[in-house]
Amino acid sequence: DAKTTQPPSMDCAEGRAANLPCNHSTISGNEYVYWYRQIHSQGPQYIIHGLKNNETNEMASLIITEDRKSSTLILPHATLRDTAVYYCIVRETSGSRLTFGEGTQLTVNP
Amino acid sequence: GAVVSQHPSWVICKSGTSVKIECRSLDFQATTMFWYRQFPKQSLMLMATSNEGSKATYEQGVEKDKFLINHASLTLSTLTVTSAHPEDSSFYICSAIRGDLAVYEQYFGPGTRLTVT
């Protein structure tokens, strides 16, 4: 699976949009981009995934660049409960393994 | 959404004893389950992959005789930490793949905090 690079930490004001970047320059054509988050002392929670089109669900939006070498997870109106470590993971469609990098610690401030 | 549970949520044991952690998929059959370990301020590290009815596949550096994995049914996998030592103290997380969907999605349990004294 392709390697991803994320900033180690980010801050965001409550109520504002949180934009979390991820670089995956070695992504191959059959690899999806997945985002998970882990709130302290809990198991990871699935957020969203995409292949090449932008995706949106009730939690977030995923913007993938046209060359697919980077993506951005957008939390449109961050709340204090969104404080967590966010992991960007690339894996094959049929692949089952999830390899976690260091992720981004997002802190939402009041 | 799919639910994965773990039991116990936390456990304290004495050095040299064994501890069993259960992972259950509550509302789906899991073709594959994974066990991860997470030390403080670190990311999740995959320990092993288990498929129902077959032997687990361990990641490099993980002692299969110390971390016994049994995947006896499509809804239950167990991890037994044998002869636990303080360095085994960690947060153990399981996940399960729901095999009846077109895309294999992985659902995580809430984790088990193990402290070995």
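The values are calculated or read from the model by the stated rules, or taken from the named source; none is laboratory data. Quick caveat: nothing in here was measured; it's all calculated off a predicted structure. Quick reminder, even Gly has a Cβ in these numbers, built from the backbone with ideal geometry, and neighbours come from all protein chains shown.
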Which of the residues spanning region A:71-110 are farther than 30 Å from B:ALA48 by Cα and either within 11 Å of chain B (Cβ to nearest Cβ) or among the small types (Gly, Ala, Ser) (or both)?
A:ALA78
In the list A:LEU80, A:LEU73, A:LEU106, which residue meets the criterion of being of a type in the set (A, V, I, L, M), modelled with pLDDT of 95 or more and in contact with a helix residue (DSSP H, G or I) (Cβ under 9 Å, 6 or more places away or on another chain)?
A:LEU106
Would you check which residues across region A:20-67 are aliphatic (A, V, I, L, M) and part of a loop (DSSP other than H, G, I, E, B) and list them?
A:ILE27, A:ILE39, A:LEU51, A:MET59, A:ALA60
Which one of these is outside any strand (DSSP E or B), among the hydrophobic types (A, V, I, L, M, F, W, C) and either within 14 Å of chain A (Cβ to nearest Cβ) or closer than 27 Å to A:ARG37 by Cα (or both): B:VAL11, B:VAL62?
B:VAL62
If you scan region B:22-60, which residues turn out to be of a type in the set (Lys, Arg) and at pLDDT 95 or above?
B:ARG24, B:ARG37
Top-ranked residue in region B:6-56 [being among the charged types (D, E, K, R) and more than 15 Å from B:LEU76 (Cβ to Cβ); ranked as nearest to the chain's Cα centre (by Cα)]:
B:ARG37
Go through (1) buried (at least 18 other Cβ atoms within 10 Å of the Cβ); (2) among the basic types (Lys, Arg); (3) out of contact with any His (no Cβ under 9 Å at 6 or more places or on another chain) for A:ARG68 and report which single condition fails.
(3)
In region B:79-100, residue modelled with the highest pLDDT [restricted to those that are within 12 Å of another protein chain (Cβ to nearest Cβ) and over 14 Å from the mean Cα position of the chain (by Cα)]:
B:ARG98
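So that you can scan it fast, the table gives a plain yes or no per residue for (1) in contact with a Cys (Cβ under 9 Å, 6 or more places away or on another chain); (2) under 21 Å from B:THR49 (Cα atoms); (3) touching a residue at least 24 places away in the same chain (Cβ under 8 Å):
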| site | (1), (2), (3) |
| --- | --- |
| A:SER61 | no, no, no |
| A:SER71 | yes, no, yes |
| A:PRO76 | no, no, yes |
| A:ALA84 | no, no, yes |
| A:GLU92 | no, yes, yes |
| A:ARG97 | no, yes, yes |
| A:GLY103 | yes, no, yes |
Only one of B:THR49, B:THR31, B:THR17 that is in a strand (DSSP E or B), surrounded by fewer than 18 Cβ atoms within 10 Å (Cβ to Cβ) and of a type outside the set (A, V, I, L, M, F, W, C)
B:THR31
